[in-house]
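**Student:** Okay, here's the structure, questions in a sec.
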Protein chains: 2
Amino acid sequence: MADNFQSLSRIKCKELHSKLMTPEAAAALIPPGATLGMSGFTGSGYPKRIPGALAERIRAAHAKGEAFKIKLLTGASTAPELDGVLAEVDGIELRMPFQGDPVCRKKINAGDINYIDIHLSHVTQQVQAGYYGKLDIAVIEVVGIREDGSLIPSASVGNNKTWIEQADKVLIEVNYALSEKLEGMHDIAGTPLPPHREPILIHKTDDRIGDPYYHCPADKIIGIVETNDRDRVNSFSEPDEVAKKIASHILNFLKKEVEKGILPPNLLPLQSGVGDVSNAVISGLEHGEFENLTAYTEVIQDGMLGLIKSGKLTKVSATALSLSPEAVDDLNENIDFYRERIILRPQEISNHPEVIRRLGTIAINGMLEADIYGNVNSTHVMGSSMMNGIGGSGDFARNSFLSFFVRPSVAKDGDISGIVPMVSHVDQTEHDVQIIVTEQGLADLRGLAPRQRAKAIIENCAHPDYKEKLWDYFNRAQESGAQHTPHILSEALSWHDKYLKTGSMK
Amino acid sequence: MADNFQSLSRIKCKELHSKLMTPEAAAALIPPGATLGMSGFTGSGYPKRIPGALAERIRAAHAKGEAFKIKLLTGASTAPELDGVLAEVDGIELRMPFQGDPVCRKKINAGDINYIDIHLSHVTQQVQAGYYGKLDIAVIEVVGIREDGSLIPSASVGNNKTWIEQADKVLIEVNYALSEKLEGMHDIAGTPLPPHREPILIHKTDDRIGDPYYHCPADKIIGIVETNDRDRVNSFSEPDEVAKKIASHILNFLKKEVEKGILPPNLLPLQSGVGDVSNAVISGLEHGEFENLTAYTEVIQDGMLGLIKSGKLTKVSATALSLSPEAVDDLNENIDFYRERIILRPQEISNHPEVIRRLGTIAINGMLEADIYGNVNSTHVMGSSMMNGIGGSGDFARNSFLSFFVRPSVAKDGDISGIVPMVSHVDQTEHDVQIIVTEQGLADLRGLAPRQRAKAIIENCAHPDYKEKLWDYFNRAQESGAQHTPHILSEALSWHDKYLKTGSMK
């Protein structure tokens, strides 16, 4: 994209004009071994230029035989321009707390990057307490700098407040591609380490507890780079039939819970992960009967923006806007309308157990696999290979009032079953999983003991190609041994082992 | 124990005198199939007489060929007089949320009782929302009834507030064995279902947010039984050498964290599970350098009472007093002293993620086994057999500022290793486990990626008899396959399988 903006026009604080520099000059300020806290959450609000220039610097150093790696902390996933380029040049020693980049993933699973996969609500306190050492430099995208030097956040907030506070030095990218009128949409607040914590007084989705800006002493800012690059988010695609079926099971279930009086008519605040099923649920809500909906979630994608526009969704709290180019245009054109309905918060607050438990959200998250007893694997393909990370799914699953885990019943043309005898890695335990949904149906596990759960999951969620095999395992497991959670340990992981050896669980 | 008390002297509400009856008469009011919410937490404050009379009734019905089972919800574990007698007569259809009785455990693992093992902080909302159907009858021990009919709680609070509110009918046991002067020690408050929840305004361990009594409409009370039976809690025994070593690793670690400035000099509020290691930690604190300690925990055992007496521990919040006869005597004799320093709350509050995260507790919980990547099994022996339940360990592990999981490095004369390649059941995921301790040493997993964690755990925590075997597994797992969490799936559970087949993991 052409740099069609007036340089310095968004840097109202004159004192900072002297710090304007090229991405290359900014990258030159980052020393080998540095621990960097960068902005970015679900492919939005990440710095667009400095990481690329840093990657070039690392590539050049490696070409000369010099060691150069950095430790990289972000909000969550970023984009090829950040994780991708730095992983490509083998520039990342440690990565935390969530990623989704194919090159980065490959390096993690090759053992070249130490990846630390933690609950998003834990990041702030772990960095404050120094678990990752001193944070050297924060690299933060903003949409403008005000006269008093305060920073107007960009499309994602993530851990930016923490990075700015904890880092010795700060590099800023001012991005002209998003409307400056985002100003006022954010609510920046955080919590100190114990014993200094106070209640987080969010009673409902749209309560504000902070102020709209980041604050950084001018002398910590060592460089400012201007960009006009949009976030790299793909255009919205229509959910497939499988996703639509899963969504329809969820929506029917919610309708029944309202009829039973367990949920109020406008439901409870929604949390929804990313992907096809989430889009299908949002689409179903847009054409459904529920009114005055709210959301307390991590990410606002195109579908949720549409749901706001339709008037069905009245208030949304999140930590990131992850929008396609078309949706960004819509946002920019109708920014006054959206600003009244959207609050972007630090992920420490968007994912805080205190707020999630109080509001009693309805969480809908994807998974890699579930086992017959309701344990869920969110992260590891065949027990060893990291996909993306747990992200906020654990924060929401544990503390929501209702928690769904969803996926198609099979993958890889049927060679992988989404329901297995025992998951190869556990991210959400049997104590935290309430409802499992595939396109085959929905298993409501609430109030059930393990063997009752197994029957509900096999009967309702398994694909026909695997159903008999699961019944067979479950029945044989009940023939001997302890019967609280019957298993045949020599066979429990054999489906995964078979897939690794033959390419199919069949 | 002789019934050496003046009948009705603790039932100040005259209106209720007519409801006094024998345990047998009270038990006769409980119909087959009833769902019962009983008091009791960690062997304290459970009804002493009605369960036994109910068991006799069930035994008689079964002798006549009549079906008679009940669904049993409590606070946590009770005693042979409750879980034991009811399990013995095959009177329990469903059990929730925690138990520790040998007979009950046997029936659960025989498949005769459906046991639902959930986080203690989840109980209230799940019952309020009807996941276990309608609660028919609450059976609650108290130490007295005031003139206005309000109830003075006994040695444990547990879920009693919820049981009284949710049940159609209430049976009361007035226990004369504990001092009436417990009055004022309790702080009874709770939360409604969303969307009606408000912040829980506990800023420090000893903040009070409720009132000291349960309130129950007189017409819901269908019977009152008097008892003079003490809780069945064993006398304190001196921790063994292994427990002392584990405790010393923990205490040294805490000292260093204070020196580094990560913990304040008086630490943060302590949570400590039950058992030998906890006793050893408490004993270590009693003779150590830390002053002005506080605790926000579930259970107060003898050791903690001693720590209060010593002046080291100034304020304690819990949901139960689980004391030996000697300690009960001490409590009764010095009740005014202890009442100023102890608050007993509903377990919904003692275990609430909101309060635990805010206070930033230091959690120390036992475990059955940990694997080399830091996943912890708290509940299932060899993957299938339920021991006790997860209890509050998950509530505290996830939300505490520091979380320890502890156990001896071996069990069963060395035939079971406490550290295994892969745990046979996961209750605490890699995302929730920070520090693992055995008598061999301490593995600080904070800020470590999976392979780094494996090295720390094997090196520091494994027993010498198993160390080489663990290194061998870990090294071979790194020879092929994805390297984020290297495993050999065909072998990962082979140690457990071997134990089941040969009686030893060796």
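The values are calculated or read from the model by the stated rules, or taken from the named source; none is laboratory data. Treat the numbers as computed from the prediction; the structure is a model and nothing was measured. All Cβ positions, glycine included, derive from the backbone under ideal geometry; neighbour counts span all protein chains shown. To get the accessible areas, we keep the full protein, side chains included, count just its heavy atoms, and leave off ligands, DNA and RNA. Shrake-Rupley method; radii C 1.70, N 1.55, O 1.52, S 1.80 Å.
**Student:** Go through the range A:256-285 and report how many residues are of a type outside the set (Asp, Glu) and open to solvent by 80 Å² or more (accessible area, probe 1.4 Å).
**Tutor:** 4
**Student:** Please determine whether any residue of the range A:210-218 is acidic (Asp, Glu) and free of Cβ contacts under 8 Å to residues at least 24 places away in the same chain. Give the derivation first.
**Tutor:** We begin by selecting, within the range A:210-218, every residue acidic (Asp, Glu); these are A:211.
Cutting the leftovers down to free of Cβ contacts under 8 Å to residues at least 24 places away in the same chain gives us none.
No, there is no match, as no residue in the range A:210-218 is acidic (Asp, Glu) and free of Cβ contacts under 8 Å to residues at least 24 places away in the same chain.
**Student:** So, one more: Looking at (1) free of Cβ contacts under 8 Å to residues at least 60 places away in the same chain; (2) not in a strand (DSSP E or B), which one does residue A:170 not meet, given that it meets all the others?
**Tutor:** (2)
**Student:** Continuing with the same structure: Any chance the range B:158-165 includes a residue that's part of a loop (DSSP other than H, G, I, E, B), farther than 18 Å from residue B:192 by Cβ and at pLDDT 95 or above?
**Tutor:** Yes, the range B:158-165 contains at least one residue that is part of a loop (DSSP other than H, G, I, E, B), farther than 18 Å from residue B:192 by Cβ and at pLDDT 95 or above.
**Student:** Answer yes if at least one residue in the range A:452-471 is at the interface with chain B (Cβ under 9 Å from one of its Cβ atoms), aliphatic (A, V, I, L, M) and open to solvent by less than 10 Å² (accessible area, probe 1.4 Å), and no otherwise.
**Tutor:** no
**Student:** Any chance you could count how many residues in the range A:297-312 are of a type in the set (A, V, I, L, M, F, W, C) and free of Cβ contacts under 8 Å to residues at least 40 places away in the same chain?
**Tutor:** Matching residues across the range A:297-312 total 4.
**Student:** Considering the range A:486-505 alone, what residues qualify as being under 30 Å from the mean Cα position of the chain (by Cα), facing chain B (nearest Cβ under 9 Å) and over 13 Å from residue B:422 (Cβ atoms)?
**Tutor:** Within the range A:486-505, A:500 is the sole residue that qualifies.
**Student:** Among the candidates A:205, A:227, which residue alone is among the hydroxyl-bearing types (Ser, Thr, Tyr), open to solvent by less than 30 Å² (accessible area, probe 1.4 Å) and more than 22 Å from residue A:13 (Cβ to Cβ)?
**Tutor:** None of the other options fit; the residue is A:205.
**Student:** Turning to a different aspect of this structure: Is one or more of the residues making up the range B:244-254 polar (S, T, N, Q), modelled with pLDDT of 95 or more and within 23 Å of the chain's Cα centre (by Cα)?
**Tutor:** No, the range B:244-254 contains no residue that is polar (S, T, N, Q), modelled with pLDDT of 95 or more and within 23 Å of the chain's Cα centre (by Cα).
**Student:** Let me ask another. Being outside the structural domain of residue A:98 (by TED's automatic domain parsing) and either without any contact (Cβ under 8 Å) to a residue 24 or more places away in the chain or under 29 Å from residue A:102 (Cβ atoms) (or both) narrows it down to one residue among A:472, A:444; which is it?
**Tutor:** Numbers: A:444 fails: either without any contact (Cβ under 8 Å) to a residue 24 or more places away in the chain or under 29 Å from residue A:102 (Cβ atoms) (or both).
Among A:472, A:444, only A:472 is outside the structural domain of residue A:98 (by TED's automatic domain parsing) and either without any contact (Cβ under 8 Å) to a residue 24 or more places away in the chain or under 29 Å from residue A:102 (Cβ atoms) (or both).
**Student:** Mind checking which residues of the range A:123-140 are under 20 Å from residue B:359 (Cβ atoms) and in contact with a Pro (Cβ under 8 Å, 6 or more places away or on another chain)?
**Tutor:** A:123, A:124, A:128
**Student:** Pull up the range B:423-444, narrow it to residues that are part of a strand (DSSP E or B) and crowded, with 24+ Cβ neighbours inside 10 Å, then point me to the one that is farthest from the other protein chains (Cβ to nearest Cβ).
**Tutor:** B:438
**Student:** Moving on to the next point. Which one of these is open to solvent by 10 Å² or more (accessible area, probe 1.4 Å), more than 9 Å from chain A (Cβ to nearest Cβ) and under 30 Å from residue B:65 (Cα atoms): B:112, B:90?
**Tutor:** Residue meeting the stated conditions: B:90.
**Student:** Further question on the same structure: Against the condition more than 27 Å from residue B:297 (Cβ to Cβ) and open to solvent by 20 Å² or more (accessible area, probe 1.4 Å), how does residue B:176 come out, does it pass?
**Tutor:** yes
**Student:** Okay, next question. Any idea which of B:187, B:117 is open to solvent by less than 30 Å² (accessible area, probe 1.4 Å), touching a His at 6+ places or on another chain (Cβ under 8 Å) and charged (D, E, K, R)?
**Tutor:** Numbers: B:187 fails: touching a His at 6+ places or on another chain (Cβ under 8 Å).
B:117 is the lone residue from the list that is open to solvent by less than 30 Å² (accessible area, probe 1.4 Å), touching a His at 6+ places or on another chain (Cβ under 8 Å) and charged (D, E, K, R).
**Student:** Quick test of your reading of the structure: residue B:311 fulfils all but one of (1) open to solvent by 10 Å² or more (accessible area, probe 1.4 Å); (2) under 24 Å from residue B:389 (Cα atoms); (3) of a type in the set (Gly, Ala, Ser). Name the failing condition by number.
**Tutor:** Looking at each condition in turn, residue B:311 falls short on (2).
**Student:** Name every residue in the range A:123-133 that is of a type outside the set (Gly, Ala, Ser) and within 8 Å of chain B (Cβ to nearest Cβ), in order of residue number.
**Tutor:** Scanning the range A:123-133 gives A:125, A:126, A:131, A:132.
**Student:** Exactly one condition in (1) within 14 Å of chain A (Cβ to nearest Cβ); (2) open to solvent by 50 Å² or more (accessible area, probe 1.4 Å) is false for residue B:329; which is it?
**Tutor:** Exception for residue B:329: condition (1).
**Student:** Right, here's the next one. Which numbered condition trips up residue A:339, out of (1) open to solvent by 10 Å² or more (accessible area, probe 1.4 Å); (2) more than 21 Å from the chain's Cα centre (by Cα); (3) within 14 Å of chain B (Cβ to nearest Cβ)?
**Tutor:** The single condition residue A:339 does not satisfy is (3).
**Student:** Another one. Considering only the range A:317-407, give the strands (runs of 3 or more DSSP E) lying wholly within it that have at least 1 residues that are within 29 Å of residue A:467 (Cβ to Cβ), in contact with a strand residue (DSSP E or B) (Cβ under 6 Å, 6 or more places away or on another chain) and aliphatic (A, V, I, L, M). So that I can check it myself, show each step before the final result.
**Tutor:** Details: elements: A:342-344, A:362-366, A:369-371, A:402-406.
In the range A:317-407, A:362-366, A:369-371, A:402-406 are the strands (runs of 3 or more DSSP E) which contain 1 or more residues that are within 29 Å of residue A:467 (Cβ to Cβ), in contact with a strand residue (DSSP E or B) (Cβ under 6 Å, 6 or more places away or on another chain) and aliphatic (A, V, I, L, M).
**Student:** So for the range A:275-291 (the condition being β-branched (Val, Ile, Thr) and either in the same structural domain as residue A:392 (by TED's automatic domain parsing) or outside any helix (DSSP H, G or I) (or both)), does at least one residue qualify? Working first, answer last.
**Tutor:** The first filter runs over the range A:275-291 and keeps only residues β-branched (Val, Ile, Thr), leaving A:277, A:281-282.
From what's left, either in the same structural domain as residue A:392 (by TED's automatic domain parsing) or outside any helix (DSSP H, G or I) (or both): none.
No; the residues of the range A:275-291 include none that is β-branched (Val, Ile, Thr) and either in the same structural domain as residue A:392 (by TED's automatic domain parsing) or outside any helix (DSSP H, G or I) (or both).
**Student:** Is there any pair with a first residue in the range B:317-346 that is in contact (Cβ under 8 Å) with a residue 60 or more places away in the chain and a second that is crowded, with 21+ Cβ neighbours inside 10 Å and of a type in the set (Lys, Arg) whose Cβ atoms are under 9 Å apart and which are 6 or more apart or on different chains, and what are they?
**Tutor:** Listed pairs, sorted by first residue: B:317/B:345; B:319/B:345; B:346/B:161.
**Student:** Could you run through the range A:161-219 and say how many residues are within 24 Å of the chain's Cα centre (by Cα), among the basic types (Lys, Arg) and within 14 Å of another protein chain (Cβ to nearest Cβ)?
**Tutor:** Within the range A:161-219, residues that are within 24 Å of the chain's Cα centre (by Cα), among the basic types (Lys, Arg) and within 14 Å of another protein chain (Cβ to nearest Cβ) number 1.
**Student:** Another question, if that's okay. Name the single residue, out of those in the range A:375-420 being crowded, with 24+ Cβ neighbours inside 10 Å and charged (D, E, K, R), that is farthest from residue B:117 (Cα to Cα).
**Tutor:** The extreme case among them is A:407.
**Student:** When you go through (1) more than 14 Å from chain B (Cβ to nearest Cβ); (2) touching a residue at least 40 places away in the same chain (Cβ under 8 Å); (3) within 21 Å of the chain's Cα centre (by Cα) one by one for residue A:378, which number turns out not to apply?
**Tutor:** That leaves (1) as the condition not met.
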